[in-house]
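A.B. asks: After the structure tokens below, expect a handful of questions from me.
Derivation of every value follows stated rules applied to the coordinates shown; laboratory data play no part. Being a predicted model, the structure only gives us computed values, none of them experimental. Quick reminder, even Gly has a Cβ in these numbers, built from the backbone with ideal geometry, and neighbours come from all protein chains shown.
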Amino acid sequence: MSLLEFWIRNKKQLEDRQFRVGNVVFHIPYDRETRTYLNFKCQKCGHCCTVPRGLPLTFQDIRRLMIKLGYSSVDKFLSEECVYGVISMETVYPLNIPAKMLTWNLKRFKDETEDDLMIPHRCRFLKNGLCTIYDVRPMVCRKYPFYEFKAGGIVHAAYTSEEKSKCKGFFASRKFKPKLYVQFSKWLEQGWYEVVESLEYGLSHLIEPFVY
Ligand code: SF4
Ligand code: SF4
């Protein structure tokens, strides 16, 4: 069964089951009828890198990317490699609801402008199906296909709604498989604090809540 079929067939009977892995609580859909969980393991097909929307950067993303791409000037890095503009997020600190954010985004292609940010486009760092900056790829890429939010003093994570029918990493199984979520737990927790830092220090600004 494809992921899309799974969601359409099971939409009304999916339960939100929560599992803590490390310091993050994962929200995993559970289908009561088939008694299966929707797990995730990336198949490294590269599809999500052919259709990402704008890639918002944290302070730490900028620091890591500047070193990798050989920049010593922040201004030069931002003007040559980034686009400043508004991007929509599924959830944004401190609101924990969908919102728009004004921020720096890594250019996905050479002449990208603010008007392009919400249009899916192939990323220029994808070569032969692989990310050429994998070790320093933006936190937003590491966290995919999850988004994070905070509740009860702890970071939570749920699957994003975007592109879910085309990502090959989702699969149904009788058990939740915590081992698959260990690395994600670290990235999501670190990513949460990097986004908070970027907002608190003025790199990014919330614009307005919005409804998907
Ligand atoms: S589309 Fe899904 S399976 Fe393919 S690389 Fe992206 S996250 Fe992994
Ligand atoms: S930076 Fe790497 S992981 Fe992120 S969209 Fe581009 S190719 Fe994919």
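A.B. asks: Mind running the shape call on the range 48-87? Use the C-alpha gyration tensor, a ≥ b ≥ c as the square roots of the eigenvalues: rounded below 1.5 for a/c, prolate if a/b tops b/c, oblate otherwise.
C.D. replies: Details: a/c = 2.06, a/b = 1.60, b/c = 1.29.
Since a/c reaches 1.5 and a/b is larger than b/c, the shape of the range 48-87 is classed as prolate.
A.B. asks: Using a simple spin-label model with points 7 Å from Cα along the Cα→Cβ vector, what separation in nm is obtained for His47 and Arg124?
C.D. replies: Taking the simple label geometry, His47 and Arg124 are separated by 2.7 nm.
A.B. asks: Ok, one more. Evaluate the relative contact order of the range 3-209 (contact order divided by residue number), counting alpha-carbon pairs under 8 angstrom at least 6 apart; express in whole percent.
C.D. replies: Values: 345 pairs, mean separation 67.4, N = 207.
Normalised by residue count, the contact order of the range 3-209 is 33 percent.
A.B. asks: Percent of Cα-Cα pairs more than 27 Å apart in the range 3-209, please. Please report the intermediate quantities before stating the final value.
C.D. replies: Values: 6802 of 21321 pairs.
It works out to 32 percent of all Cα pairs.
A.B. asks: Can you return the aspartates and glutamates within cross-link range of Lys143? Criterion is Cα-Cα under 20 Å, with same-chain partners fewer than 8 residues away left out.
C.D. replies: Lys143 reaches Asp16, Asp61, Glu90, Asp135, Glu162, Glu163, Glu189, Glu194, Glu197.
A.B. asks: Quick one: of Lys76/Lys166; Lys41/Lys150; Lys110/Lys166; Lys100/Lys177, which pairs are farther than 28 Å apart, Cα to Cα?
C.D. replies: On the way: Lys76/Lys166 36 Å; Lys41/Lys150 23 Å; Lys110/Lys166 26 Å; Lys100/Lys177 33 Å.
Result: Lys76/Lys166; Lys100/Lys177 exceed 28 Å.
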